[in-house]
Structure formats: C-alpha cells, structure tokens
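Remarks on the structure that follows.
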Amino acid sequence: MDEPCRLYLITPPALPDPAGFAAGPLAGALDAGDVGALQIRLKDLGEDALRRAIDAIRPVAQARGVAVILNDRADLAVQTGCDGAHLGQADGDHAAARRILGAERMLGITCHASRHLAMEAGETGADYVAFGAFFPTGTKETVHRAEPEILEWWSEMFELPCVAIGGITAANCAPLVRAGADFLAVVGAVWNHPEGPAAGVRAMNRAIAEAWDAA
C-alpha cells in the first residue's frame, strides 16, 4: 500500500432540493475532511432535472479539488463538465464510454466480486474498478457479495486503483483498508450520520487513518 486509502462519496439517492443540498450538507461534508471523489448518482431524475442537479453540485465539489463522477452517463458527464463517469456492468458499451470520455476524463467500472470483470475493465481502459458489496446495504439491492481477499489480490497484481463499495461504515471499514482498497465508497455512513454529514466524513477519515496506521 503506497498511497493512503481515501473517501469516495456518493450522493444520496434522492435530492428534493439539489441547490440547497450543494450549498449546505455537501459543502459542509467536503469541508470537513479528505474526500477524493464525489459520484452523482440520481437514477430517478429525468435528463433536464439531472442536468440542473449536476450544475448545482459540480462546482461546489470541483472548487474544493474533489473529482466529480457521474453515474451511468459518459455522454452527459462530458456535456456537463464532470471529471468522469461510473458505469455498471449493464450500463451500455464500456469501450464506447472510454472513447466518449477521452483521455482527460475518468472511467470507473463496477466489477461486483469478479476478477474476470475487473481484468476486462482494465483492458477496456478503466481508470478504476469497483468491487462490492462488502456488507449489507440499504442503498440498492445486494446481488453480489465480495470479500476483502479480492482487494488483496487486485492490489498485489495491478496498479489500477480499486474502490470498495457496499454498506461501508467507520465501524467496519478497517479490513477493507488493510486489504488494499484505494477508495471507500460510502453513502449512508456520511449522509445518515446522527451528527450530520460533516461528522460522518470526519468519522470515516479517522477510521481510515487508524486502519492505515495499523496495517
């Protein structure tokens, strides 16, 4: 492990007021500690509403040096000035997305618990691979379960960064950090923290640092 693990924040699944979210909870969370990336994941919005949400959220994150990754849509990521796109296995043509994003934008690909899919993603030109779910999560239906060993294998074999996702909290993240995750993707651990999102970011960063120091 050459570089410390970092936080990869994903938006809540629904945002009734994206502008208010960006100016309040999001800004507070990003100002509270290290966040390497923010994924905008708003699957229930139509394109016009999604564009408005991106326009509200993106500048708040980018102004703080946080990369903005759009879920599902490489074309829209380019059009709206995002820093990249994240695609699931069923989210279109990964090779086409790589071409659309070009060399200057990031492509992340969900690989579940599959070594084969991860190697395919690397060959396609992904900038990172995402494994999970590692723990039960209420954000989406858990179809695939991953174990920390896949992070160990990946980090030993490949230079490409890996993201761990799925039910990750400050209380359970240590094995994933020690196994070699480059990023921990979280939703509820931050946005549902009882003391607020800023406290959630601080708690995650503290837990990552403790696990890193003990590795």
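We did not get these values from a lab; they are worked out from the coordinates using the rules stated. Computed from a predicted structure; not experimentally measured. For neighbour counting, all protein chains shown are included, and Cβ atoms are generated from backbone atoms with ideal geometry for every residue, glycine included.
Counting other Cβ atoms within 10 Å as a rough exposure proxy, the listed residues 116, 86, 144, 94 run 116, 144, 94, 86 from fewest neighbours to most. Charging the Cβ of each Asp and Glu at -1 and of each Lys and Arg at +1, and nothing else, the dipole of the chain about its Cα centre rounds to 440 debye. As a rough footprinting exposure proxy, the listed residues 75, 44, 93 were ranked by other beta carbons within 10 Å of their own, and the order from fewest upward is 44, 93, 75.
The phi-based Karplus calculation (6.51 cos²θ - 1.76 cosθ + 1.60; θ = phi - 60°) puts the 3J(HN,Hα) values of segment 149-157 at 4, 5, 5, 4, 4, 4, 5, 7, 9 Hz, whole numbers, x for Gly and Pro. Please work out the C-alpha center-to-center distance from segment 122-169 to segment 1-73 and express it in whole Å. That distance is 20 Å. Of the residues 64, 41, 73, the one that moves most in a GNM of the chain with alpha-carbon contacts below 10 Å is 64. Listed from fewest to most Cβ neighbours within 10 Å, the set 177, 66, 78 follows the order 78, 66, 177.
Dividing the mean sequence gap of close Cα pairs (under 8 Å, 6+ apart) by how many residues the chain holds gives a relative contact order of 22 percent.
Within the listed set 194, 175, 136, the residue fluctuating most in the Gaussian network model of the chain (springs between alpha-carbon atoms under 10 angstrom) is 194.
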